[in-house]
Every structure is written in structure tokens, then in C-alpha cells.
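Trainee: Before anything else, here's the structure in question.
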Amino acid sequence: MKKSILLFFVFVMSLMLCGCSNAPTYSLAQKPDGTVTQTLFIPFVESELTELGVDNDAVTNLKNTIMQKFNTNFANLQQNFITKVNGDDTLSAQDKILMFAGCPTQMITPALSEIGLLYTLTFSSAIHYYYYNSDMNYQELIDYLNQDTSIVENGFLTNRIVNTGTTVYGENTRFSENQTLAEYITSYSTELLRQNTSLTDEQIASVVPTTFVYSYGTTSGKLHSDADRVYHYADGVYYHEWDITTENSARQISTWTIEVNNNVWYVLILCCGFVLLLVLFLIDYKKNKNKEKQMVQ
């Protein structure tokens, strides 16, 4: 899928040049009401930088640089989205109004804390999310989403419907042809700290992110995965989390659902029915034999 989302998040996530007691996290979750929340946590533990000798003004400047870069590229993403909707001939005038209403078009203000920045984008539905984060027109997107790329693993009583792919961290960026997003984040952050601080390479390596988290939330408790963690919150969403490192940034992740093998179950039911009839017949036959013996006596 053509994802302009990467052009946006590469800029943002490449700015994770901060203490990594918490891993950078990209989260995507669909809530029970159908809305989709896209969240990016950028860790920025100020104390870790100051303990290494970076003065408070430099730390503040670094954080401001991150926010300014994010806001600039978010504005560019919004403008691209607006241009795309207005020029999409596969959308009616009413559809365009609904598309604008269902996607974030206002400037997003991050939630700030001592350990990082949290950006959240909310979409009215999955279609709004996909459209906003793709450079396809509406009809191309629908055609793409209707493609079934799952693999069926046949079992005896059940089958597994498996979907496999990489996370956003495993995608190649347009800024470095031979690097995945995770590799780019690490190298970019390292270079930025070299240019703006007097930290040694060893100190820089201690704070540059090399571990990332990809989180996917779904309301379906029937979805299984090879995630490193699965947990359920009171909001009705099941979260599957994978740990991604620079070294395994191209890691393949899998999700699957289990469906009943109807043909086998039909045969089993028929066989069970036949066995039951046979047992009833034998019981009745035995009773009749016993009655005959009693009459003879």
C-alpha cells in the first residue's frame, strides 16, 4: 500500500534523540465506537540528557526543535490531504465533506510530560484512517482494501487465516534508500546529537533509541498474533504489541483468526449421528431378545 504516512512519521520519529528508558511507540487502535486512534509517543527524558552534561537550554532547544519539525510536517500532511480530497474525482461533493469531517484537519498539540511527547490523531472510521494515510484516491483504496492477501493454513478441525507483514519500522524511507525506518531513526538521531551537543559517541549511543514498540489495538478478542505482549483494557480494546529493534527492524509479524472446518465437522456430526442410531438399535435389539427369552421360559 502506498503510505504517505511514512513521509510524515519518518520526520517525526527520526527526532527521537532522547533518553530511552521508554521506547518510542507507534500505536494504532480501533475503538468499540468505530473510531480509529493513531498515537505516537516520542520519549524525551530530560534528566538523562542533563545527567550527561547537556545544559538545560540545549535540552529545551532540542525539544522545541522536535515540536517545530513535527508541526511543520504535520501541516504539510494536512495540506496534502486537503489537496487530495479536493482533487479526488471518485468522491462526490457530499463524500468530500464527510471525509474532511472524519479526519484531523486542525493543528495537533502534543501532550507534554517529563518523559516525552504524545501525539494523538483520531479518525471517525477505518476508511478515514486509510484514506488520510494513503496517496490513493478513494476508489483505488477501496479496491486495495478488498484484496484478500491472507493465507489459509488448513487443519483437521479448524483452519487458521493468517496475515503477515512488517511494521512501519521495517519500511524503507525516501531519505535513505538502504535503511529501514528504524535504522534511519537511529542514524539520524545520532548525527543530530553529534552536531548539537558535545556528547561522546558512547554517551550518544546510550540515549539514542534502538528499541521501538509497534502496538495494534482491536475490539476482537478472537484475533491471535505472535506479539510479544497482548493485554486488554477496560475500553474494550485488545492490544497486541511487538518489540522492534534496529537489528530486526524488518521483522515479520503475524495475526490470525481461527475458523471452523465446516466439512470435517459435518462429517463428524453425521458419523456421531450414525453411531448414536447404531447404539439405540443395539439397545432395542438386546431388549427384544431379552423379552423373547423371558416368554420362552
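Trainee: Given the criteria in the same structural domain as GLY34 (by TED's automatic domain parsing) and either under 13 Å from the mean Cα position of the chain (by Cα) or surrounded by 14 or more Cβ atoms within 10 Å (Cβ to Cβ) (or both), does TYR233 qualify?
Mentor: So TYR233 does not fit the description; no.
Trainee: Quick check on my filter: what residues within region 130-180 are among the aliphatic types (A, V, I, L, M) and more than 21 Å from GLN78 (Cβ to Cβ)?
Mentor: ILE142, LEU145, ILE151, VAL152, LEU157, ILE161, VAL162
Trainee: Same structure again: Return the residues of region 121-142 that are touching a Ser or Thr at 6+ places or on another chain (Cβ under 9 Å) and β-branched (Val, Ile, Thr); say none if nothing qualifies.
Mentor: Residues satisfying the conditions are THR122, ILE142.
Trainee: Here is a check on your reading of the model: is LYS69 among the charged types (D, E, K, R) and at pLDDT below 85?
Mentor: yes
Trainee: Consider region 47-69. How many of its residues are without any contact (Cβ under 8 Å) to a residue 40 or more places away in the chain, out of contact with any Leu (no Cβ under 7 Å at 6 or more places or on another chain) and in a helix (DSSP H, G or I)?
Mentor: Adding up the residues that qualify gives 7.
Trainee: For the subset of region 28-39 comprising residues that are at pLDDT 90 or above and of a type in the set (Ser, Thr, Tyr), which member is farthest from THR211 (Cα to Cα)?
Mentor: Out of the qualifying residues, it is THR35.
Trainee: Next question. Going by the structure shown, is THR186 crowded, with 17+ Cβ neighbours inside 10 Å, closer than 24 Å to ASN61 by Cα and touching a helix residue (DSSP H, G or I) at 6+ places or on another chain (Cβ under 8 Å)? Please lay out each step first, then the result.
Mentor: Numbers: crowded, with 17+ Cβ neighbours inside 10 Å: yes; closer than 24 Å to ASN61 by Cα: yes; touching a helix residue (DSSP H, G or I) at 6+ places or on another chain (Cβ under 8 Å): no.
Criteria not met by THR186.
Trainee: Right, here's the next one. Quick one: would you say ILE142 is β-branched (Val, Ile, Thr) and either surrounded by fewer than 13 Cβ atoms within 10 Å (Cβ to Cβ) or farther than 20 Å from PRO24 by Cβ (or both)?
Mentor: Details: β-branched (Val, Ile, Thr): yes; either surrounded by fewer than 13 Cβ atoms within 10 Å (Cβ to Cβ) or farther than 20 Å from PRO24 by Cβ (or both): yes.
It is true that ILE142 is β-branched (Val, Ile, Thr) and either surrounded by fewer than 13 Cβ atoms within 10 Å (Cβ to Cβ) or farther than 20 Å from PRO24 by Cβ (or both).
Trainee: Could you list all residues from region 70-92 that are aliphatic (A, V, I, L, M) and either touching a residue at least 24 places away in the same chain (Cβ under 8 Å) or in contact with a Leu (Cβ under 9 Å, 6 or more places away or on another chain) (or both)?
Mentor: ALA75, LEU77, VAL85, LEU91
Trainee: If only one of ASP201, ASP226 is within 17 Å of SER254 (Cα to Cα), surrounded by fewer than 18 Cβ atoms within 10 Å (Cβ to Cβ) and not polar (S, T, N, Q), which one is it?
Mentor: Working: ASP201 fails: within 17 Å of SER254 (Cα to Cα).
After ruling out the rest, the residue left standing is ASP226.
Trainee: Something else: Pick from region 204-223 the residues that are hydroxyl-bearing (Ser, Thr, Tyr) and not in a helix (DSSP H, G or I): which of them is surrounded by the fewest Cβ atoms within 10 Å (Cβ to Cβ)? I'd like the intermediate steps shown before the answer.
Mentor: Going through region 204-223, the residues hydroxyl-bearing (Ser, Thr, Tyr) turn out to be 206, 210-211, 214-216, 218-220.
Now narrow it down to the ones that are not in a helix (DSSP H, G or I): 210-211, 214-216, 218-220.
Numbers: THR210: 17, THR211: 15, TYR214: 23, SER215: 19, TYR216: 21, THR218: 18, THR219: 15, SER220: 11.
Applying the filter and picking the extreme gives SER220.
The values are calculated or read from the model by the stated rules, or taken from the named source; none is laboratory data. What you see is a predicted model, and the numbers here were worked out from it, not measured in a lab. Here Cβ is always computed from backbone atoms with ideal geometry, including for glycine, and neighbour counts include all displayed protein chains.
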